[in-house]
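These notes concern the structure reproduced below.
Please treat every number below as a calculation from the coordinates, not as lab data. Being a predicted model, the structure only gives us computed values, none of them experimental. Positions of Cβ are generated from backbone atoms using ideal geometry, with glycine treated the same way; all protein chains shown enter the neighbour counts.
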Amino acid sequence: MHAKLKADYRARHRNPITLVTGETAITGIRDLEWPEFIWATDPRGRSGWVHQSCLQENVAIRDYDARELDANAGDEVRLVELLGGWWWAENQIGERGWLPERVLAIEPGMK
């Protein structure tokens, strides 16, 4: 599935958390706007929002990368996975990251 951006989007965190399956994270508060996301710190000291489905207790049950994708209005992206209102997306030059669903015009017929 593909989408076009309705507005520009810029990543808010430049050195985001990444987790490998089996790693332990230090967890904190839930996001007020996106309650399915928990603030966490990885073993390398990087912090960011992690979707609750990626953690069991404080252990990563799947690989996770909180990288967000910088994109401009009108850019086309390929949608890969939806978690809590955010899409893991890939742009036309192969860069990947999360985009909030609210900035996307999803067009299932786009190729």
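Each Lys and Arg adds +1 at its Cβ and each Asp and Glu adds -1 at its Cβ; summed about the Cα centre, region 45-111 shows a dipole of about 80 debye. Electrostatic bookkeeping for THR21 treats Lys and Arg as +1 and Asp and Glu as -1; over the other residues with beta carbon under 14 Å from its beta carbon, the sum is -4.
Note on region 18-65: Rg/Rh from C-alpha atoms, Kirkwood Rh, equals 0.92.
What does the charge add up to near LEU55, with Lys and Arg as +1, Asp and Glu as -1, over the other residues with Cβ less than 13 Å from its Cβ?
Around LEU55, the surrounding residues sum to -3.
Sites listed here are trypsin sites (Lys or Arg not before Pro) in region 1-88 whose DSSP assignment is loop and whose Cβ has at most 14 other Cβ atoms within 10 Å: LYS6, ARG10, ARG12, ARG14, ARG44, ARG62.
Fully extending the segment from GLU57 to VAL80 would add 5.7 nm, taking 0.36 nm per residue of separation and subtracting the current Cα-Cα distance.
Considering only ASP70, ASP42, ASP31, the mean-square fluctuation computed in a Gaussian network model of the chain, springs between alpha carbons under 10 angstrom, is largest for ASP31. 3J(HN,Hα) couplings calculated from phi for region 37-45 with the Karplus curve 6.51 cos²θ - 1.76 cosθ + 1.60 (θ = phi - 60°) are, in sequence order, 10, 10, 6, 9, 10, 7, x, 8, x Hz; Gly and Pro show x.
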